[in-house]
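To start, the structure itself, in structure tokens.
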Amino acid sequence: MDTKPDNLSDAQIVALVLEGADELYALIVTRYENKLLRYAMFLLKDYDIASDVTQEAFIKAYINLRSFKLNKQFSSWIYRILHNEAINSIRRGKKTCALEAVNEVDDDFFVRFTSDEILDRRILKADVRKCLGQINLKYQEVLVLNFFDNLKYGEISDILHIPSSTVGVRIKRGKALLQKVCRSNGVNYE
């Protein structure tokens, strides 16, 4: 096993944290903070609330670290915690708009992540983001997780608690719907 902390897998870091190396949890935060914040922004449409929910998700993950199964994907586990925290935030009324509401996401937020290599630049275009907001949420979620966060079908399946085959179907249908909405709005999706 490579002893340099940056070269450790998520599972190795978790195992070391569970053995008492609490300071290594900062590596988990560093690895996932921007991705989780971006996903929280997608769900909540408010930077301040998304930041709070992201921090709550990291705290909850740390507190419940012993429940993480080391043979599973850590990314799916922590995304699911964030997803649940965001939904709970909406239910608690912290956000006045409904989850299905279409709001403009702050462009400055996305500019902060332009250097992130996993971003799909076509989806970052403002017009395409507006079109994305016009399709059903169940398709938005899978497209955001797949294209923005570059997650695999199995990981998305774990996060949303739906079968992998359903993820594939939703991505395919979501892309078709997004193309249709973009065309009807005069936006070049390609």
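The values are calculated or read from the model by the stated rules, or taken from the named source; none is laboratory data. What you are looking at is a predicted structure, and each value in this text was computed from that prediction instead of being measured. Glycine gets a Cβ as well: all are built from the backbone with ideal geometry, and neighbour counts include every protein chain shown.
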(request) Find all pairs meeting these conditions: Cβ atoms under 6 angstrom apart; at least six residues apart or on different chains; first residue within the stretch 136-148 and surrounded by fewer than 22 Cβ atoms within 10 Å (Cβ to Cβ); second residue assigned to a loop (DSSP other than H, G, I, E, B). (result) L137/E100; F147/D120
(message) For the stretch 14-48, which positions are of a type in the set (A, V, I, L, M) and in contact (Cβ under 8 Å) with a residue 40 or more places away in the chain?
(response) V14, A15, V17, L18, I28, L36, A40, M41, L43, L44
(request) Return a yes/no flag: does the stretch 76-86 have any residue that is at pLDDT below 90, closer than 25 Å to P163 by Cα and part of a helix (DSSP H, G or I). (result) no
(request) Please work out which one of (1) modelled with pLDDT of 85 or more; (2) surrounded by 12 or more Cβ atoms within 10 Å (Cβ to Cβ); (3) assigned to a helix (DSSP H, G or I) is the condition F109 fails and give its number. (result) (1)
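Residues checked against (1) within 22 Å of N150 (Cα to Cα); (2) in contact with a Phe, Trp or Tyr (Cβ under 6 Å, 6 or more places away or on another chain):
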{"site": "N7", "(1), (2)": "yes, no"}
{"site": "D10", "(1), (2)": "yes, yes"}
{"site": "L16", "(1), (2)": "no, no"}
{"site": "A21", "(1), (2)": "no, no"}
{"site": "L27", "(1), (2)": "yes, no"}
{"site": "T30", "(1), (2)": "yes, no"}
{"site": "K35", "(1), (2)": "yes, no"}
{"site": "Y39", "(1), (2)": "yes, no"}
